[in-house]
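**Q** For reference, the structure I am asking about is given below.
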Amino acid sequence: FIADLVISPDDRFLFLCNWWHGDIRQYELLRGCKPRLVGQVRGQGHQEGSVMLQLDVDTDKGGLAVNKNFLVDFGKEPHGPCLAHAVRFPGGDAKSPPRA
């Protein structure tokens with residue numbers, strides 16, 4: 001189940017949040033109808049609530065990495081677990097890298 005799709009402002013990459021498999025994928029779109037998987041990170045297997053994480057994105061060659069110093073665990077909220085998701089460009093401008 002794909003929860004979110006985002007195309008980079010320069011139309012080079014497609015980012016998708018694959019809720020069912022628990023991963024985030026980066027596809028290169030330079031070959032027209034043949035997207036190429038160039039980056040993938042897997043979720044941490046959180047059982048209660050969702051998490052917000054920050055991805056480091058290689059916009060030259062493609063590739064994703066989770067920033068280990070940034071994690072918000074919505075499962076540990078004081079009034080119970082929360083479910084939240086968003087994949088967007090900060091500030092909504094075309095000059096910022098995507099965040100998930």
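**Q** Work out from phi, with θ = phi - 60° and the Karplus expression 6.51 cos²θ - 1.76 cosθ + 1.60, the ³J(HN,Hα) of each residue of the range 29-38, listed in order in whole Hz, and give x for Gly and Pro.
**A** After applying 6.51 cos²θ - 1.76 cosθ + 1.60, I find 9, 6, 9, x, 8, 10, x, 10, 5, 10 Hz.
**Q** How large is ³J(HN,Hα), in whole Hz, for each residue of the range 55-62 in order, when computed from phi with the Karplus curve 6.51 cos²θ - 1.76 cosθ + 1.60 and θ = phi - 60°, using x for Gly and Pro?
**A** Values per residue, Gly and Pro as x: 9, 8, 10, 8, 8, 8, 9, x Hz.
**Q** Now a separate question. Can you sort Asp60, Asp23 so the residue with the fewest Cβ neighbours within 10 Å comes first?
**A** Asp60, Asp23
**Q** Additional query: In which sequence would Phe74, Phe13 go, from the one with the fewest C-beta neighbours within 10 Å to the one with the most?
**A** Phe74, Phe13
Quick note: the coordinates plus some simple rules give every number you see, no bench work behind them. Just so we're clear, the structure is a prediction, and the values are computed from it rather than from any experiment. Cβ sites come from the backbone with ideal geometry, for glycine too, and all protein chains shown count toward neighbours.
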